[in-house]
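Working notes for the structure below.
What follows draws every value from the coordinates through simple rules; no lab data is involved. What you see is a predicted model, and the numbers here were worked out from it, not measured in a lab. Heads up, the Cβs are rebuilt from the backbone with ideal geometry, glycines too, and the neighbour counts pull from every protein chain shown.
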Amino acid sequence: MRRLACLSLVVLASAPAHAGVEDTFGLGPRAMALGGSYAARPGDFAAAYYNPAGLARGGSQGEHGGFFELSAAHLFAAPRLYVTRSDGSELETPGEPTTTGVLVGSRFSLGQPFDLDGLNMGLSVYVPEHLFRWSIRPDDDVQWALLTDRTQVVTANASVGLRLAPWLSVGAGLRVMFDVETLTRGRVTDVAYDPETGKVRTHTVLGTDARVFGRVAPLAGVLVTPRDDLRLGLTYRHESYVDDWGDTRITDVPILRHMGYTHRFAHYFEPTQVTAAVSADLTPTLDVSADLTFSRWSRALSTNHNAQFSPVWGDTWTPAVGARWAAHRALGVLGGYRFQKSPLGNYGGPSNLLDTDRHALSMGLESALEGWLTPGFDAKLNLAVEHVLLVERSETKDYRRFESDAALADNPGYPSYVYGGRLLAISLGVEARF
């Protein structure tokens, strides 16, 4: 039994989620441990996203012949977030789920059948615990905008890198996302009137037909290696926009006869990004890297296409640094830091989308199993831990941005609140070369 008035709410909850595990935590434990500073670090499958040119490393020691690398990792992350009213009471928000997922990646020689060295391909697929987990809410609901659902759907990257010269590699690829067409059909089968409450209850039969579509966004990169101990990278990733669309039709509705509407939601937006990066080997046992990423968030859309209670989006710059120290021939210690400026501001308006600046501090270990086990077994074990501090932020409602005093007083965030928190993530993986 369902109330007819709830039908629209049922459908509104049927839109896909956000994505973006690559920028939230990192593509694999090694990238996570280095703070995401990876656009000038060639040589593994993660380059398929951070810089496709890195799939074909430069320098005097080029890769010859065929090879195949396979990586697998497990990711777990848990948020600890808070939103507190001005009187000190806790403000309820939708639950912030933990992130659990498996990442599989590969890098292999694509040019071997053509006797062409330096043509390689990289693939990655991230599969969360729940293949599709989502929620759609009005922008004035108090909710975390760029957390929760962003790591709850399947994402994939596929790229090709080509070494044109020992000092120059280029690459291009695609980032694959998914959107859904949802068609809902219903029929009212029975109507009951309660004279005591004056409410009308209905029995309805609902049916939903959903189809998943792949949506791709291009990316490209260049890697310059003027010396064996110095690498310069440049990456372009195009805007990723995925939506959910469809229509709902309910028949045999009392008085109205038929009821229906169409819907469209912006359930995922990742901005156009340009990353400039450098990495260098300072000593035989120590290498460092630094990335600077420009993100064009000013084109972003909220879930409801910013049609109501519009937030304010702004472009951001994200610096990231990483370092690796070879403490032993079979053990490396990694560390990284990333500062992510929040692209989202509300400035006292009706919207209650929450987001803050983030300090991400990470560290990790990588162990060459060949050094501990059977010689010739070319495999590594990787472990990374990341702590993300969400800088506390406050929001005070500005009456000038509301249509009336009643609208101001009815806003869930009135009169003010503060919010912040932290994220803790851990990733464990293994990679082997054949």
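Counted by Cβ distance under 11 Å from Thr251, the other residues give a net charge of +3, where Lys and Arg count +1 and Asp and Glu count -1. In a fully extended conformation the segment linking Leu282 and Leu206 would gain 20.9 nm over its present Cα-Cα distance, using 0.36 nm per residue. Bridging of Lys380 to aspartates and glutamates at a Cα separation below 20 Å is possible for Asp44, Glu63, Glu69, Asp287, Glu366, Glu370, Glu431, once same-chain residues fewer than 8 apart are set aside.
Taking a straight Cα-Cα cut-off under 25 Å and skipping sequence neighbours fewer than 8 places away in the same chain, the lysines within cross-link reach of Lys341 are Lys397.
Cα gyration tensor of the stretch 326-420, axes a ≥ b ≥ c as square roots of the eigenvalues: rounded (a/c below 1.5), prolate (a/b > b/c) or oblate? Prolate, since a/c reaches 1.5 and a/b exceeds b/c.
Here the stretch 92-119 is scanned for amide nitrogen atoms under 14 Å from the site 7 Å beyond the Cα of Val125 along Cα-to-Cβ, giving 102-107. Across the stretch 4-433, Cα-Cα pairs more than 29 Å apart make up 51 percent of the total.
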